[in-house]
Amino acid sequence: MKAVIAYLLLFLSAPSFADSDIPPLEGDEGYAVIAIYSKGYSENIVLEGSGLMNSHKFGPLNYEQHIEVMKLPAGTYTWSEIYERTGSVAQGNILKIYYDITDQDLSFTVQAGKLNYVGLLMIDKMGMTMRTRLLNRTSIILKILEQDHSPYLEQYPLANGIYPNDHYIGFYQSHAKKEGAE
């Protein structure tokens, strides 16, 4: 019994290694903070970058958010399409519905060697209609990063990939340094 308790105490007090072993970036790579919220069902959300094999899919999401830090080659990326399936295989009536969103301004830039804030892709679906927007929710996303992915913030400089002239990230970083000094 003592061995079980000792093991549990050791296991529970062990540091979390989820983000402590951040894979290093190559010279042409950066980290992007991918944030998506789908109000309604979105089976796959596609992100396209330049070059071969630089397409990424996210989902399914149904009235939920997805936030992750992802290593990507430096460059410009565009949210290109969203699709869903309706029906069922058992009934033999699967239908794929595609929403091509390449004509909207849903792009961002990833800078090499940095942690890139790339906005929040908001998908708002009502029946067969859909509205997509790339929202600037910097303070909310940075708070989530502090809580869930703080080693990235400690290890890499933060860059704004949607509004490079936005001064909020500079304000955030100077405020964070002041809090750390106190």
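The values are calculated or read from the model by the stated rules, or taken from the named source; none is laboratory data. Note that the structure is a prediction, hence the values are computed from the model and not measured. Cβ placement follows ideal geometry from the backbone for every residue including glycine, while neighbour counts extend to all protein chains displayed. Ligands, DNA and RNA are stripped out before the accessible areas are found, and what is left, the full protein with its side chains, is counted by its heavy atoms. Shrake-Rupley method; radii C 1.70, N 1.55, O 1.52, S 1.80 Å.
A count restricted to segment 72-96 and to residues that are modelled with pLDDT of 75 or more and either in contact with a Lys or Arg (Cβ under 6 Å, 6 or more places away or on another chain) or within 23 Å of Leu120 (Cα to Cα) (or both) stands at 14. Among the conditions (1) at pLDDT 95 or above; (2) over 26 Å from Ile22 (Cα atoms); (3) surrounded by 15 or more Cβ atoms within 10 Å (Cβ to Cβ), the only one that Asn116 does not satisfy is (2). Somewhere in segment 132-145, is a residue assigned to a strand (DSSP E or B) and in contact with a Lys or Arg (Cβ under 7 Å, 6 or more places away or on another chain)? No: segment 132-145 contains no residue that is assigned to a strand (DSSP E or B) and in contact with a Lys or Arg (Cβ under 7 Å, 6 or more places away or on another chain). Just one of the listed residues (Glu64, Glu43, Glu81) is open to solvent by 70 Å² or more (accessible area, probe 1.4 Å) and charged (D, E, K, R), and it is Glu64.
Residues that are within 17 Å of Thr109 (Cβ to Cβ) and among the charged types (D, E, K, R) within segment 146-175 comprise just one, Asp166.
Restricting attention to segment 46-78, the residues that are under 12 Å from the mean Cα position of the chain (by Cα) and touching a residue at least 40 places away in the same chain (Cβ under 8 Å) add up to 4. In the set (1) in contact (Cβ under 8 Å) with a residue 24 or more places away in the chain; (2) surrounded by fewer than 18 Cβ atoms within 10 Å (Cβ to Cβ); (3) of a type in the set (Phe, Trp, Tyr); (4) in a strand (DSSP E or B), Tyr152 fails one condition alone, (4).
With a requirement of 1 or more residues that are within 23 Å of Ile144 (Cα to Cα), the strands (runs of 3 or more DSSP E) lying completely within segment 23-128 that satisfy it span 29-42, 44-49, 55-58, 61-73, 75-86, 107-110, 115-126.
Here Asp105, Asp28, Asp100 are screened, and the one residue that is free of Cβ contacts under 8 Å to residues at least 24 places away in the same chain and not β-branched (Val, Ile, Thr) is Asp100. Within segment 16-71, the set of residues being of a type in the set (Phe, Trp, Tyr), within 30 Å of Ile94 (Cα to Cα) and modelled with pLDDT under 95 comprises just one member, Tyr41.
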